[in-house]
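Peer 1: Just passing along the structure, written as structure tokens.
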Amino acid sequence: MVGFREWDATMQPSLYETFVRNVVIPLSQKDSHGRRIFVFRTEMWDPQLTNFDELLAALWMCAQFITAEYKDAQHSGFVTIWDFSNFSLQQAWAVNQWRLISLMKWVQNGVAGRIKGFHLIFQPRIISVIYAGVKPFFKEKLRKRIHFHNSLETLHQHVNPQCLPEFLGGVLNHEEDKCIDKLSIKKLFQQDDFFKEMINSGFPSK
């Protein structure tokens with residue numbers, strides 16, 4: 001299981017409202033395979049306001065809730081897009097590799113919904129260095145699902161731009177309901193007791 005008790009993060013979704021709305025974004029549209037899409041915008045992440053443990057906790061809670069709330073997420077899985085536009089040195093210093101490894105082990109062994117793809121776009125060299133450090137801890141199956149993109153064109157070969165917001169070369173206005181899954185976000189912020197009980201009781205990985 002993921003040892004969240006050791007993390008510098010409070011597992012209460014309601015505390016991450018602004019962060020989820022701007023940094024960890026569940027999209028309303030599914031891709032051509034019926035998979036739900038999460039977008040992580042690094043340029044909107046301020047490590048002084050939200051540390052790396054809190055960032056990963058928010059990601060985990062979003063994925064856990066979507067998986068529990070929607071059966072299609074368990075069946076079809078979901079994809080994540082990591083937009084590293086304007087990724088800063090301050091953000092790089094905030095990354096904790098061991099926390100990242102811990103979370104990815106959960107992805108490999110314990111997540112109910114299947115993560116079918118990790119798409120990294122506009123990543124600076126430091127991200128490649130970080131990935132090289134954690135890659136040995138990933139299973140081959142997971143490695144094959146991690147894609148690095150140097151352009152929006154290659155990203156769009158995997159995810160149709162009709163599903164994406166404008167800042168990822170898509171056609172959707174990211175402020176509108178048809179782009180962001182605001183209903184799921186609203187429901188997530190009401191799940192404080194659920195996650196408190198989950199963390200306190202513990203939950204084994206597969």
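The values are calculated or read from the model by the stated rules, or taken from the named source; none is laboratory data. The shown structure was predicted, so the numbers you read here are calculated from the model rather than taken from an experiment. Reconstructed Cβ throughout: ideal geometry from the backbone, glycine too, with neighbour counts over all protein chains shown. Areas reflect the complete protein model, heavy atoms only, side chains present, ligands, DNA and RNA absent. Shrake-Rupley method; radii C 1.70, N 1.55, O 1.52, S 1.80 Å.
Peer 1: Place +1 on the Cβ of every Lys and Arg and -1 on the Cβ of every Asp and Glu in the chain, take the dipole about the Cα centre, and give the residue among 118, 194, 170 whose Cα lies farthest towards its positive end.
Peer 2: Selected residue: 118.
Peer 1: Using label points projected 7 Å from each Cα along Cα→Cβ, tell me how many nm separate residue 98 and residue 190, to one decimal.
Peer 2: About 3.9 nm separates the two model spin labels.
Peer 1: Another one. Quick one: accessible surface of residue 178, probe radius 1.4 Å, all protein chains present, in square angstrom to the nearest 10.
Peer 2: Here the accessible area works out near 110 Å².
Peer 1: Per residue of the range 167-175, in order, report the coupling 6.51 cos²θ - 1.76 cosθ + 1.60 (Karplus, θ = phi - 60°) as ³J(HN,Hα) in whole Hz, putting x for Gly and Pro.
Peer 2: 6, 10, x, x, 10, 9, 6, 5, 8
Peer 1: Using a simple charge model, +1 on the beta-carbon of Lys and Arg, -1 on the beta-carbon of Asp and Glu, nothing else, what dipole does the chain show about its Cα centre, in debye to the nearest 20?
Peer 2: In total the dipole reaches around 960 debye.
Peer 1: Rounded to the nearest 0.05, what FRET efficiency is calculated for residue 22 and residue 139 with R0 set to 41 Å and r the Cβ-Cβ distance?
Peer 2: Here the calculated transfer efficiency is 0.80.
Peer 1: Report, to the nearest whole %, how much of the accessible area of the range 31-82 belongs to carbon and sulfur atoms, 1.4 Å probe, protein only.
Peer 2: 48 percent
Peer 1: Quick one: accessible area per residue over the chain, 1.4 Å probe, rounded to a whole number of Å²?
Peer 2: Ligands and nucleic acids excluded, the figure is 51 Å² per residue.
Peer 1: Right, here's the next one. So, in the chain, how many Lys pairs have Cα atoms under 14 Å apart, if the pair is 8 or more places apart or on different chains?
Peer 2: Final tally of qualifying lysine pairs is 11.
Peer 1: Magnitude of the Cβ-charge dipole of the range 19-58, K/R +1 and D/E -1, about the Cα centre, nearest 20 debye?
Peer 2: Using Cβ point charges on Lys, Arg, Asp and Glu, the range 19-58 gives about 320 debye.
Peer 1: Comparing 143, 21, 125, which has the greatest mean-square fluctuation in the GNM of the chain with Cα pairs linked when under 10 Å apart?
Peer 2: 125
Peer 1: Can you classify the range 97-163 as rounded, prolate or oblate using the Cα gyration tensor, where a ≥ b ≥ c are the square roots of its eigenvalues, rounded means a/c under 1.5, and otherwise it's prolate if a/b beats b/c and oblate if not?
Peer 2: oblate
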